[in-house]
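> My questions will all concern the structure given below.
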Amino acid sequence: MKLEPYRILFVCLGNICRSPSAEGVVRHLAARANPPLLLELDSAGTAGYHIGAPPDPRSQAAARRRGIDISDLRARRVEPNDFSRFDLMLAMDRENLSALERARPRNSRALLRLFLEYAPGSGFHEVPDPYYGTAQDFERVLDLCTSAAQGLLDELQQRS
Ligand code: 4NP
């Protein structure tokens, strides 16, 4: 019998700041999970402004400072097939969660959640959009992604 990975899609608006950061942090931390977790991770945007673009240089720099390389990721838009391909779709904020709920095809199987449900102690329910913000805002994205990634991986470890 072939073991199926647990498939998670991280979703923000442009897929160049928050969701590639989330994907990179979860991949980085999951690589150290013991016992190992079989995961398939990806990220996408609810808008198509930046399709094909690498992560924002400010997100790449913030990730790199933590030893995480997200330079090879490329932005794409959420597509209908994602709702049947992924087990879990984690939105960075309520606006993107609502966009997913509206776009969700009938009978799709993915569970839709806010990513920060896995970081209950962070004081935040949403990962604030850093696009028009400062370097500090990009650091906060990485901090929040790290907290939620740990909560998510802990839960997956307990389940497996
Ligand atoms: P993200 O950030 O949703 O975290 O990738 C944004 C990126 C681009 C834009 C807005 C937010 N934009 O308006 O182009």
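> Given the conditions (1) out of contact with any Gly (no Cβ under 9 Å at 6 or more places or on another chain); (2) part of a loop (DSSP other than H, G, I, E, B); (3) of a type outside the set (Asp, Glu), report the number of the one that Ala22 does not fulfil.
(2)
> Among the residues of the range 11-18, are any among the aliphatic types (A, V, I, L, M) and open to solvent by 10 Å² or more (accessible area, probe 1.4 Å)?
Checking the range 11-18: at least one residue is among the aliphatic types (A, V, I, L, M) and open to solvent by 10 Å² or more (accessible area, probe 1.4 Å).
> Working only within the range 49-68, note down all residues that are closer than 10 Å to Pro20 by Cβ, within 9 Å of the ligand (Cβ to nearest atom) and either assigned to a helix (DSSP H, G or I) or open to solvent by 60 Å² or more (accessible area, probe 1.4 Å) (or both).
Ser59
> Which of the residues spanning the range 79-96 are within 16 Å of the ligand (Cβ to nearest atom) and without any contact (Cβ under 8 Å) to a residue 40 or more places away in the chain?
Result: Arg94, single match.
> Within the range 2-25, which residues are away from the ligand (no atom under 12 Å from the Cβ), out of contact with any strand residue (DSSP E or B) (no Cβ under 6 Å at 6 or more places or on another chain) and in contact (Cβ under 8 Å) with a residue 24 or more places away in the chain?
Across the range 2-25, the qualifying residues are Leu3, Glu4, Gly24, Val25.
> Cβ-Cβ under 6 Å, sequence separation 6+ or interchain: first residue in the range 123-140 and free of Cβ contacts under 8 Å to residues at least 60 places away in the same chain, partner part of a loop (DSSP other than H, G, I, E, B). Which pairs?
Glu126/Asp93; Asp137/Pro130
> I'd like to check something: does the range 32-42 contain any residue that is in contact (Cβ under 8 Å) with a residue 12 or more places away in the chain, closer than 22 Å to Phe138 by Cα and not aromatic (Phe, Trp, Tyr)?
There is at least one residue in the range 32-42 that is in contact (Cβ under 8 Å) with a residue 12 or more places away in the chain, closer than 22 Å to Phe138 by Cα and not aromatic (Phe, Trp, Tyr).
> Tell me, which residue of the range 112-135 that is among the acidic types (Asp, Glu) and closer than 16 Å to Asn15 by Cα is least open to solvent (accessible area, probe 1.4 Å)?
Residue satisfying both the conditions and the ranking: Glu126.
> Scan the range 99-123 for residues that are more than 12 Å from the chain's Cα centre (by Cα) and within 14 Å of the ligand (Cβ to nearest atom) and jot them down.
Ala99, Leu100, listed by residue number.
> Residue check: is Phe138 touching a Lys or Arg at 6+ places or on another chain (Cβ under 7 Å) and either surrounded by 14 or more Cβ atoms within 10 Å (Cβ to Cβ) or part of a loop (DSSP other than H, G, I, E, B) (or both)?
For Phe138, the condition - touching a Lys or Arg at 6+ places or on another chain (Cβ under 7 Å) and either surrounded by 14 or more Cβ atoms within 10 Å (Cβ to Cβ) or part of a loop (DSSP other than H, G, I, E, B) (or both) - is met.
> So, one more: Could you please give the count of residues in the range 74-85 that are out of contact with any Ser or Thr (no Cβ under 6 Å at 6 or more places or on another chain) and either of a type in the set (D, E, K, R) or open to solvent by less than 30 Å² (accessible area, probe 1.4 Å) (or both)?
7
> Filtering the range 69-78 down to residues that are in contact (Cβ under 8 Å) with a residue 40 or more places away in the chain and assigned to a loop (DSSP other than H, G, I, E, B), which residue is farthest from Gly133 (Cα to Cα)?
Val78
The values are calculated or read from the model by the stated rules, or taken from the named source; none is laboratory data. Note that the structure is predicted; figures quoted are calculated from it, not measured. With ideal geometry, Cβ positions are generated from the backbone for all residues, glycine too; neighbour counts draw on all protein chains shown. Keep in mind that these areas ignore ligands, DNA and RNA; they rest on the heavy atoms of the full protein, side chains included. Shrake-Rupley method; radii C 1.70, N 1.55, O 1.52, S 1.80 Å.
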